[in-house]
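Contents: one structure, followed by commentary.
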Amino acid sequence: MSVLETLLMAAVLSAVPLMLAATGEAIGQRSGLLNLGVEGVMLAGGLAAFVAVDLSSSFVVGLGAGACAGASIGLGFGVLATRFAASQIVLGLGLALGGAGLTGFLFRERYGLTQPLLAQGMERPFDGAADIPVVGLMLFGQKWFVYIAVCLVVLAGYLVRRSRAGLVLRAAGDSPFAVEAAGIDVSTVRILAAMSGQALAGLGGAALAIVEVGFFAPGLTVGIGFIAIALAMIGRQDPWLIAILALVFGLLRGAGTAIQLTDLRIQTELLDVMPYAGMLLLVVALGRRVRLPATLGLAYHRESRGA
Amino acid sequence: MWIGTTIRLAMLLGLLLPATWWSAAAGSAQESVDSVAIVIPASRSNQGWDQQGADSLEAVGEARGIDIEVVENAGYEDITPILLDLAADGVDLIICHASGYQTVCPEFAQREGVPMVVTENPDAVVEGLVSDYETQAHQVAYLAGVLAALETRTGTVAVVVSGEPPTWNYMTAGFVQGVHDTDPEVEVLYNVIGEAAYDDAPNARRVTETVIAAGADIVFGMGDGASFGMIQAIREHNADAGADEQVRFIDVIGDKSDSDAADLLLTSVLFDYTGAWNQFIDDLEAGSFGTVYTMDLENEGVRLLEPQIEVDDATMAKVEEARQALLVGDIDVPEIADADELAAFLESLEEGAE
C-alpha cells in the first residue's frame, strides 16, 4: 500500500462523517431551519453508536442508534423551532454546547477514566478488487458503511432535487406561504426535515466514532460539525455538491500530511489552513454566489406574510 | 480638628497594616496546606498530560490527607473566571497544568495573592507566589530512540505529534538523536497532525496510516487524546498484517499498559508528577515556595516504561548502557524547545545522514 493510495483511501473515509452531517444540515436548511448545533448532534450520535456497539457487538445496531439519537434531537429542535417559534440560533448553540457537555458527562458516567477501544474494525466487502493501482484502495478498499453512506447521500440528493417531497421541502424554506396555500402544514414539513436531517448528522457522528476512529471520546468531533454547517451553505444545500466538497476537503487535509513526508519545509500553521483556503478557492472557482433559502433561520407565522 | 486627624491616621493604618501583613506573608510559611486545585485544559480521561497530572495530584492528596479539586476541560482560553472561583473557595495552591496558562496564572497570582504553579515558564517564578515545573523528557526520549533504532525491521520509524509545544519538541529532538546515535541509517519521518490537535483523533489516525504506508514500523506518538487515533490506526494495520509486518507504538506521559493498547505498546516515556507536587506543597509549608522543579531522568520524574512487548536482553542491555551514560553525562542530548529550531535540527541530522 503506497502513501498516495493510503491518502486517497483515508480522504474518502474521513469525508463520510462530514458529508453525512452536511447533507443532514442541508436538508434542514432547505426547509428554513438553521441548526448551529450539528457538533452536539454528531457527538450524541457518536456516543449512542459506540455504547450500542459496545453492548451488542453489532455495527448495524450502533449506526441505527446514532441515527435514532440524531432523529430524536431533530424532533425536539424542530418542534421548538416551529411550534414554539424558539430562536434557532439559541437552540443551535445550546445543542452544540449542551451536546458536548452531556456526552462528556454520560461517557464518564459509563466508562469512568478509561478509554475503551473497539476491538474489531468493520469489514471491507470489495477488498479483493482493491489491487487496481492508485485508485483501487480508494474505490474498493473501503469499509462497507462507506458505500452505504454514499448511496444515502446520492438518494438524499435525488429526493431534494427531483422528487415531490424535495419540492415541498425547498418551498418550505423559500416560500412557506405557497406550501400553506397547497394545504400542507409548513411546521410539519420542517419538523420532518429536522428529524431526517439530524438523523443523518447523528449517523455522521456514529460513522466518525465506530467506522472511522473506532472509539468515542468527549469532544471527538473536533469541529467537524461546524465545518458541516459551512459546507452545507457553500455546497448550496445540494447533497451531491456537498459530497464532492467533503471529498476535496479530505484530500486537501491529506495533502498536508503528504507534504510533510517530502523534503518541502512548510510551516504546520500554513498546512492547517490549506483545506479551508482550498475550499474558498473552489467556491470562487465555481463562480456562483452562495444562495441561502429565503426564510432560513426565521420562524414561520401563518398569520403574517413576513415569514 | 483632632477628630479629622484621628480619622486620617486610622485610614493610613487601614492601608498600611494589610500591606505590611501581605509583604510578610508573601515569603512566609503557610502553616499547612489543606487544599490544592489543578486546572487542566482537556478531559482527565485522555490518559495523557491532563489525566496524569490530575491522577498524580489525587494520589498526593490521598497520601497527605488534603483536599484536591480537579478542574478539567478548561480549554486554552483565558481561565481567569475559573481561578477566581477557586480563589473564592479558599484553595491554598493552584496548579495551572498547561503551557497555555503560563501568562494568565502568574498574573493572577500577583493580583490576588494566591500561590500558583505554572509550567514551562521559569521566568515567571516569584518568591512565595509562583513556582514552575519543567518536564524535560529529552533524555528518556533519547532512550526510546535507542530502543526504536534497535527494534525497527524496516529501517524507518516515525514521530507523530499533535502540536509543537516545548514538551513535545524536547522529546522529538531527544528521540531522533537517540535513533541517529544508534543507527544513522534509520530514517525518521516527522509529521505534525495540526497546530494544537491534542484531541484530534480522526486526523491522528489518518496521519499514522500514512506514515505506516511510508514504511514506518515503530511510531513514537505524542498526542494526548489524539494518541488513541494513532493506536487505532496501528491496531487496524496489525489485524491484517503478518507477524513480520506488525507496527509498534511508543507512547508518552501516561501508562497504557493496562489498556486496550497494551498489545502494540513497545514502551512509553512516562511522566510522574508526584515528586513535583509533593515538592511544591512542602515548599509552601516551609516558606520556600517559588522555585523551579525539573522532572528528569535523574529524579525519575520521567522514566522509560518496561517494554510491554518481548525485547531481547541484548537490546535492553544497550538501552541500559545508554541510560548510565546519560546519568554520568557521557551523552549530550540536545534540549530544543522551539519548533523552528527543531526543524533546523531535524534537517541537519538528515543532511548528516546523507
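Restricted to the stretch A:293-307, and to residues that are at pLDDT below 85 and of a type in the set (Ser, Thr, Tyr), which residue is surrounded by the fewest Cβ atoms within 10 Å (Cβ to Cβ)? Once the filter is applied, the top-ranked residue is A:304. When the residues of the stretch B:260-286 are narrowed to those that are within 14 Å of another protein chain (Cβ to nearest Cβ) and surrounded by fewer than 18 Cβ atoms within 10 Å (Cβ to Cβ), which ends up farthest from residue B:43 (Cα to Cα)? It comes out as B:263. Within the stretch B:299-319, if we keep just the residues that are on the phi < 0 side of the Ramachandran plot and loosely packed, with under 14 Cβ neighbours inside 10 Å, the residue that is nearest to the chain's Cα centre (by Cα) turns out to be B:306. Restricting the search to the stretch B:48-67, which residues are touching a Ser or Thr at 6+ places or on another chain (Cβ under 7 Å), within 14 Å of chain A (Cβ to nearest Cβ) and either on the phi > 0 side of the Ramachandran plot or assigned to a helix (DSSP H, G or I) (or both)? Of everything in the stretch B:48-67, those that are touching a Ser or Thr at 6+ places or on another chain (Cβ under 7 Å), within 14 Å of chain A (Cβ to nearest Cβ) and either on the phi > 0 side of the Ramachandran plot or assigned to a helix (DSSP H, G or I) (or both) turn out to be B:50, B:51, B:56, B:59.
For the stretch A:78-102, a residue qualifies if it is under 23 Å from the mean Cα position of the chain (by Cα) and either aromatic (Phe, Trp, Tyr) or within 11 Å of chain B (Cβ to nearest Cβ) (or both), and the qualifying residues are A:100, A:101. Taking the conditions exactly as written (more than 14 Å from chain A (Cβ to nearest Cβ) and not in a helix (DSSP H, G or I)), does residue B:70 satisfy them or not? No, not satisfied. So which residues in the stretch B:219-254 are assigned to a loop (DSSP other than H, G, I, E, B), away from every other protein chain (no Cβ under 13 Å) and touching an Asp or Glu at 6+ places or on another chain (Cβ under 9 Å)? Result: B:246, single match. Set side by side, the residues A:22, A:11 differ, and just one is farther than 19 Å from residue A:169 by Cα, assigned to a helix (DSSP H, G or I) and either within 14 Å of chain B (Cβ to nearest Cβ) or in contact (Cβ under 8 Å) with a residue 24 or more places away in the chain (or both), which is A:11.
Checked against (1) in contact with a helix residue (DSSP H, G or I) (Cβ under 6 Å, 6 or more places away or on another chain); (2) within 14 Å of chain A (Cβ to nearest Cβ); (3) in a helix (DSSP H, G or I), residue B:168 meets all criteria but (1). Where helices (runs of 4 or more DSSP H) sit wholly within the stretch A:188-292, those with at least 3 residues that are at pLDDT below 85 occupy A:239-260, A:268-286.
Looking at the structure I just gave you, is residue A:75 without any contact (Cβ under 8 Å) to a residue 12 or more places away in the chain, over 30 Å from residue B:259 (Cβ atoms) and either surrounded by fewer than 19 Cβ atoms within 10 Å (Cβ to Cβ) or within 14 Å of chain B (Cβ to nearest Cβ) (or both)?
Values: without any contact (Cβ under 8 Å) to a residue 12 or more places away in the chain: no; over 30 Å from residue B:259 (Cβ atoms): yes; either surrounded by fewer than 19 Cβ atoms within 10 Å (Cβ to Cβ) or within 14 Å of chain B (Cβ to nearest Cβ) (or both): yes.
In short, no.
For the stretch B:179-213, a residue qualifies if it is assigned to a loop (DSSP other than H, G, I, E, B) and either buried (at least 24 other Cβ atoms within 10 Å of the Cβ) or more than 8 Å from chain A (Cβ to nearest Cβ) (or both), and the qualifying residues are B:183, B:184, B:185, B:186, B:193, B:197, B:198, B:199, B:200.
The values are calculated or read from the model by the stated rules, or taken from the named source; none is laboratory data. The model shown is predicted, which means the values in this text are computed figures rather than measured ones. As a convention, Cβ positions derive from the backbone with ideal geometry for all residues, glycine included, and neighbour counts pool all protein chains shown.
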